[in-house]
Structures are given as C-alpha cells and as structure tokens.
Amino acid sequence: MEMPETYAEMEAEAASKVTSILSVYPKAERMYDLLVTDDEVRAYWRMTNYFTVRQLGMNDHGETHAKIATASALTILDLLQKAGILPDIVEAGAGSEDDAALVVLSAMLCHDFGNAIHREAHQEISIPLAHAVLSRLLPSIYPNIGERTEILSFILSAIYTHHAEPLPLTKEAAMVCIGDSSDMTKGRGRMAFDAGSITIHTVSALSIERVDIVSGRERPVEIQIMMSNSAGIYQVQEILGRKVAVGPLKDYVDVIALVEPGEGEERILEGITIRSGKCLPFRREDHRRG
C-alpha cells in the first residue's frame, strides 16, 4: 500500500525522537532495533493497514502510527520521571527505568497487531500475536525466564488495555493508551479521507494541525493540540480525553486544545481543557496569566 509523502516525514520525525529518548536505555534501545527490523512485525504492520485503511476506510494503524504513538508514550514516560513520578514496574521493584521504557515501547509497537486479523476485538487478538513475537525476541535481553515473564506480563497488559476498555491498570499501560490517541494530526486521517471516507473521525482528524507533549505548568505533562477547525474537538474530547480521564495518569496530565481558524471558520469556542475527566472551556488569556 503506497503511503503519502507526509507519512514518511512524520515517521522519520517520530523515529528520531524515539532514538533520542532511548539513548540512555540500552535494553529498550536494543528491543526497539529488534522490533522495527523484524520481518514478522513489519508484515503485521502492513496487513494492519490493509484491513483498517483499505478494507474499512479508517485512519492509518500501521508502522507510521506505531512509531508516532511510541514517541508520544515515551515522551510522557520521560516527563513523568523527570517530575519524580515513577513507573509502576519501578515502584513494584520488578524492574528499572530502562525496563519501563522497554515495556512502553514494546507494547506501543505491537498494540495494533490484531487489526491484521480483524478490527473487531483487535486488542484481544493482538495478545497471542504479540506474545509469539515477544517470546521470540525477549530472551536475547532477558535470559532469565522469571524476569522475562514479568516483563512480558507488563507489556501484554498494556496492549490489552490500549483502548481503555478494560481500564489500564499501570502507569505504563496508561502511557500506551494515551500515546495511541495522541497520534491525531491531520496527516493521520489523510489516506482514509482521500479514499472517500468522510466521517466525523476523518474530518476531525484533518482539523488537528499539531500535537505537542511538553512539561506542564501545573501538572507534569501537558498535551497541547492546535486545531484549524472546531471539528477537531471530537478527536480531543471523545478519543484522547476519554483515555486520559479514566486511566491512572489522569491527575498527572492536562490536555489543552486551541482553535486557530482559517478563512471561513466559525469559532464556536476558543478552546477546551480536560482536567481530571472534566471538559471545560479554555481561554488563551487565562493561559497567559498562569
């Protein structure tokens, strides 16, 4: 399936960010190299896009999405750790920060494998597919079967809950859940839209100009979203906001979305903010005063 040029640009930017974050995590860096060069992984990514984009008219769910979502999830992990918020695997004494990064990136890169079979219940289908791949690759990093099994458990839990149904049970799983939905810039919906899928999903995706994940002023993580059209509110509130609100990171992440109208756009509201599960009006003036 031929991908738009913009997808290659987004993928390259995401990959650069991932490698930068992983430069201090040797185990996670090694696992990233193993996954992105693995023929089975790459085949699942291709087939995932075949079914989601070509057969169902949905947004990209393949390699580009996996890498963009991974960059987002690892950025959240990095910001939380800098703020002193430890991953659950570290708090539980089951692993290090390097192990936490490996869990997040592995779950993120493998979370959509199930779409290569069917969209319905794809998170459940992803589990046995990812299990087979990870069981083949993890021994080179974790030769001890007990340690390897614990790491695998954290990864599979995050994959299973990446839609927030059922709810994520660890901070690492919540990073995967949020990272999945932070991939919402307008390029993400371009293939489906150009193929004739005109839905609130594709229109709202094309309204998202930029997503930045930065250190917040009131909370450790702030997800800033710039929209060219207020239709983007759907993506923010119903997809990303829902996942932030129900997970174990809801008190550590703020979401701020602002509308920057183009010609002919009617500004329904200046923006919204989602805090602790509540969607509230947001004004730039208040943000500047803060």
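Listed values, structure above:
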{"quantity": "Whole-Hz couplings from phi, Karplus 6.51/-1.76/1.60, listed for region 139-151; x for Gly and Pro", "calculated": "x, 6, 9, 10, x, 7, 5, x, 4, 4, 5, 5, 4"}
{"quantity": "Projected-area average for region 49-125 over all orientations - Cα convex hull basis, square nanometres", "calculated": "5.6"}
{"quantity": "R275 long-range amide H proximity, modeled H, under 5 Å", "calculated": "L280"}
{"quantity": "Charge sum, other residues only, whose C-beta stays under 14 Å from Q55's C-beta, Lys/Arg counted +1 and Asp/Glu -1", "calculated": "+1"}
{"quantity": "Tilt relative to the chain, helix 26-36 - C-alpha long axis, 0 to 90 degrees, to 10", "calculated": "80"}
{"quantity": "Degrees separating the helix 39-49 axis from the principal Cα axis of the chain, which is the longest one", "calculated": "30"}
{"quantity": "Difference of contour (0.36 nm per residue) and Cα-Cα distance, R54 to D39", "calculated": "3.3 nm"}
{"quantity": "Spin-label pair E238/H163, simplified geometry with 7 Å Cα→Cβ offset, distance in nm", "calculated": "1.5"}
{"quantity": "³J(HN,Hα) computed for each position of region 231-237 - Karplus, 6.51 cos²θ - 1.76 cosθ + 1.60, integer Hz, glycine/proline x", "calculated": "4, x, 4, 4, 4, 5, 7"}
{"quantity": "Sites R46 and E260, calculated FRET efficiency, Cβ-Cβ separation with R0 30 Å, nearest 0.05", "calculated": "0.25"}
{"quantity": "Listed residue pairs exceeding 18 Å between alpha carbons, taken from K243/K278; K27/K243; K171/K243; K250/K278", "calculated": "K27/K243"}
{"quantity": "Student exercise, the chain dipole from Lys, Arg, Asp, Glu Cβ charges, in Debye to nearest 20", "calculated": "440"}
{"quantity": "Within region 233-251: backbone nitrogen closer than 13 Å to the Q224 label point (7 Å, Cα to C-beta)", "calculated": "none"}
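Quick note: the coordinates plus some simple rules give every number you see, no bench work behind them. What you see is a predicted model, and the numbers here were worked out from it, not measured in a lab. Counting neighbours? That spans all protein chains shown, and the Cβs are built from the backbone with ideal geometry, glycine included.
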